[in-house]
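The structure appears right after this line, and notes come after that.
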Amino acid sequence: MVQLFSSTKTTKRQFQPYKIELDLNSLDHHGRGVGRYQGKVVFVTGGLPNEKVIALVTTAKKHFLEARLLKVLVRSNTRVTPKCKWIENCGGCQLQHLDSQAQILEKQAFVTELFKKNRVTKLNWQPAIQGNEWHYRNRARLATWYEGKKDKLHIGYREFASKNIIEVDRCEVLPEAFNLVLSELSAQLNLIKHKKYISHIEFNLVSKHKICLLKLTQNLVSDEIQAIKALLQKFDCILFVQLNEDAPICMHEKFEENELFYTFDKLKLSYGLNDFVQINSALNITMLELALEWLELTSTDMVLDLFCGLGNFSLPIAQQVKKLVGIEGVAEMVTKAKLNAKQNQLENVEFFQQDLNQTELKNDYHWHDFNKIVLDPSRTGAESICKNSTEWRAEKVLYIACEPNSLVRDSQYLLAAGYQIDKISLIDMFPHTAHVETIALFTK
Ligand SMILES: C[S@@+](CC[C@H](N)C(=O)[O-])C[C@H]1O[C@@H](n2cnc3c(N)ncnc32)[C@H](O)[C@@H]1O
């Protein structure tokens with residue numbers, strides 16, 4: 001049975017759930033089936049397009065209802081049996097009941113529809129980039145909740161749109177190596193006295209290492225650390241601890257920080273446990289290969305990599321071009337990007353720190369200097385930068401988007417500046433989740 005744990009007291013007025021029968025015709029951006037009932041839009045968790053269902057309304061707002069699936073009356077031929085036993089509650093992989101190829105088509109249709117609303121109809125979709133459907137997350141953070149009355153630490157994921165924690169003993173998108181650790185680690189953590197100081201557990205598969213990072217609100221005592229370390233050693237897993245916002249500390253003397261890296265071809269990219277890196281590392285490689293192919297790089301190219309992080313796109317690009325300039329907002333990431341360039345003997349690169357909400361390039365370069373631009377912003381997108389695109393001379397702009405609404409908004413500026421969408425592809429970075437990642441090439 002699913003166990004739900006809440007860390008907050010609820011004071012909401014009691015709502016009486018009620019059953020409705022309706023047809024569903026699309027999916028929303030959370031992966032919920034969408035239909036109508038008595039003139040109101042209804043979002044049904046667990047429902048799929050082309051289904052007739054009975055659903056339990058759990059929230060009623062002025063313009064919409066939220067409901068959860070009770071029974072499928074007419075079943076979609078894309079419905080499959082979910083692999084995970086927590087699918088109904090866990091906020092992680094809400095699309096597991098939809099066939100994986102149908103997930104791609106639904107996500108593509110969702111992006112197409114967003115563009116269409118903005119009067120963009122020519123997209124030239126390319127085949128989606130896909131990797132492993134399961135066990136693809138190289139990095140995952142699990143939440144904890146300490147239940148004082150029972151002196152029990154619960155470990156799991158947050159429930160959809162809630163602070164509740166769903167306790168899990170395995171996860172289908174975690175590497176199996178960590179599934180083996182999870183239940184024994186949970187038992188071990190429950191044996192220690194100061195378990196309530198553990199706020200999160202993060203698993204990382206880094207180069208050849210398995211790492212478990214415990215985030216703490218207060219220090220554990222030495223015996224507790226030793227017991228956890230010994231348990232993890234059984235699984236060849238390395239323990240790091242991090243007290244609040246301090247840097248993570250490795251509990252194994254022989255482990256060197258420079259052992260945290262990933263590779264692309266012969267390049268070695270080092271990073272720290274708190275740095276941004278792509279979570280699906282296998283698909284990151286495929287994405288980089290596609291980016292290089294679409295950019296059609298030559299030895300005379302001058303390339304600007306905006307939101308460059310620690311150089312994930314910059315370094316592979318720099319190997320093929322005359323000059324690469326990377327810009328990134330976080331100073332520590334700029335330092336890492338510079339170190340990565342140095343350790344790979346790349347001398348045609350420069351990295352600068354700049355808040356890209358400002359549109360002037362804060363260095364010796366001008367927009368006119370670059371004939372190719374890469375944009376890989378976070379979810380809020382690159383609006384300020386793209387507003388400025390009338391000034392660009394670049395013949396190719398490659399936009400990697402983790403939020404389709406931002407991509408569509410920013411595309412309006414690029415299109416107005418004379419760019420066309422040459423091609424677009426879905427990157428299936430997070431199968432079974434509602435997350436939609438795309439790569440789009442603009443040309444002029
Ligand atoms: C999706 S990550 C991409 C990083 C890198 N391209 C990669 O593939 O690993 C977005 C990056 O944009 C940076 N960023 C976010 N907001 C920014 C801003 N306003 N100015 C500059 N960089 C920003 C983040 O620090 C992060 O490194």
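I'd like the accessible area for residue 114: 1.4 Å probe, protein heavy atoms, all chains in place, Å² to the nearest 10.
20
Using the Cα gyration tensor of the range 280-443, with a ≥ b ≥ c the square roots of its eigenvalues, what is the shape: rounded (a/c below 1.5), prolate (a/b larger than b/c) or oblate (neither)? Provide the component values of the computation, followed by the final result.
Details: a/c = 1.38, a/b = 1.12, b/c = 1.23.
The shape class here is rounded.
Among rounded, prolate and oblate, which fits the range 255-322 when a ≥ b ≥ c are the square roots of the eigenvalues of its C-alpha gyration tensor, a/c under 1.5 means rounded, and a/b larger than b/c means prolate? Walk me through the intermediate numbers first.
Values: a/c = 2.06, a/b = 1.82, b/c = 1.13.
Prolate, because a/c is 1.5 or more and a/b exceeds b/c.
Regarding the range 139-259, what whole-number volume in Å³ per residue does the convex hull of its Cα atoms give? Each step should come with its number before you reach the end.
Numbers: hull volume 13.7 nm³, N = 121.
In the range 139-259, the Cα convex hull volume per residue is 114 Å³.
What FRET efficiency would be calculated for the residue pair residue 236, residue 298, taking the C-beta separation as r and a Förster radius of 35 Å, to the nearest 0.05? Walk me through the numbers on the way to the answer.
Numbers: r = 45 Å, r/R0 = 1.28.
Given R0 = 35 Å and the Cβ-Cβ separation, E is 0.20.
Note down the magnitude of the dipole of the range 280-443 about its Cα centre, charges +1 on Lys and Arg C-beta and -1 on Asp and Glu C-beta and zero elsewhere, to the nearest 20 debye. Before the final figure, lay out each step's value.
Values: 13 positive and 22 negative charges, 18 e Å.
That gives the range 280-443 a dipole magnitude of about 80 debye.
Tell me which of 420, 250, 174 sits at the most positive position along the dipole axis of the chain, charges placed on C-beta atoms (Lys, Arg +1; Asp, Glu -1).
Projecting each Cα onto the dipole axis, the largest value belongs to 174.
Using the membrane-span-like helix rule (whole DSSP H runs, Cα extent along the own axis of at least 15 Å, mean Kyte-Doolittle hydropathy at least 0.5), which helices of the chain qualify? All intermediate terms of the calculation are to be shown ahead of the outcome.
Working: long enough: 100-117 (26 Å, -0.29); 176-189 (20 Å, 0.73); 222-234 (19 Å, -0.18); 281-295 (21 Å, 1.07); 331-343 (18 Å, -0.58); 404-416 (18 Å, -0.16).
For the chain, where a helix must reach 15 Å along its axis and average at least 0.5, the hits are 176-189, 281-295.
How big is D for the range 121-192, in µm² s⁻¹ as a whole number, if Stokes-Einstein is applied with the Kirkwood radius of its Cα pairs at 4 °C and 1.567 mPa s?
Numbers: Rh = 14.6 Å.
Stokes-Einstein gives a translational diffusion coefficient of 88 µm²/s.
Could you work out the helix-only [θ] at 222 nm for the chain, with each DSSP H run of four or more residues adding -39,500 (n - 2.57) and the total divided by the number of residues, to the nearest 500 deg cm²/dmol? Provide the component values of the computation, followed by the final result.
Numbers: 8 runs with 96 residues, N = 444.
Result for the chain, helices only: -6500 deg cm²/dmol.
If Lys and Arg each add +1 and Asp and Glu each add -1, what is the summed charge of the other residues whose beta carbon sits under 13 Å from the beta carbon of residue 230? Don't skip to the end; give the middle numbers.
Working: positive: 229, 234; negative: 184, 223, 224, 236.
Taking every Cβ under 13 Å from that of residue 230, the sum is -2.
Just 161, 318, 417 to compare: in a GNM of the chain, with alpha carbon springs under 10 Å, which one fluctuates most?
161
Kindly report, to the nearest 10 Å², the accessible surface of residue 406 as traced by a 1.4 Å probe over protein heavy atoms only.
That residue has around 10 Å² of solvent-accessible surface.
How large is the convex hull of the Cα atoms of the chain per residue, expressed in Å³ as a whole number? Let's see the in-between values first.
Values: hull volume 71.8 nm³, N = 444.
Hull volume normalised by residue count: 162 Å³.
If we restrict to alpha carbons, what Rg and Dmax does the range 211-314 come to, in Å?
Here Rg and the maximum Cα pair distance are 18.3, 59 Å.
Out of 348, 164, 340, any idea which swings most in a Gaussian network model of the chain, alpha carbons joined below 10 Å?
Looking only at 348, 164, 340, the biggest GNM fluctuation is shown by 348.
Among the listed pairs 85/122; 83/215; 62/150; 107/444, which have their C-alpha atoms separated by more than 31 angstrom in this model? Numbers along the way, then the final one.
Values: 85/122 41 Å; 83/215 29 Å; 62/150 41 Å; 107/444 27 Å.
In this structure, 85/122; 62/150 exceed 31 Å between Cα atoms.
What does the charge count around residue 250 come to, taking other residues whose C-beta lies under 11 Å from its C-beta (Lys +1, Arg +1, Asp -1, Glu -1)? Please list the in-between numbers first.
Numbers: positive: 229, 254; negative: 253, 256, 257, 259.
Net of charged neighbours comes to -2.
Roughly how many debye, to the nearest 20, is the charge dipole of the chain about its Cα centre, given +1 on each Lys and Arg Cβ, -1 on each Asp and Glu Cβ, and no other charges?
On the way: 55 positive and 52 negative charges, 394 e Å.
My answer is approximately 1900 debye.
For the chain, set up a GNM with springs between Cα atoms under 10 Å and report which of 377, 127, 82 has the largest fluctuation.
Ranking 377, 127, 82 by mean-square fluctuation puts 127 first.
Using the charge dipole of the chain (Lys, Arg: +1 at Cβ; Asp, Glu: -1 at Cβ; taken about the Cα centre), state which of 126, 315, 29 has its Cα farthest towards the positive end.
The one lying farthest along the dipole's positive direction is 29.
Once the dipole of the chain is set up with Lys and Arg at +1 and Asp and Glu at -1 on Cβ about the Cα centre, which of 329, 60, 148 lies farthest towards its positive end?
Towards the positive end, the residue furthest out is 60.
The values are calculated or read from the model by the stated rules, or taken from the named source; none is laboratory data. Note that the structure is predicted; figures quoted are calculated from it, not measured. When we count neighbours, we look across all protein chains shown, and the Cβ atoms used for this are built from the backbone with ideal geometry, even at glycine. In case anyone asks, the SASA skips ligands and DNA or RNA and just uses the protein heavy atoms, side chains included. Shrake-Rupley method; radii C 1.70, N 1.55, O 1.52, S 1.80 Å.
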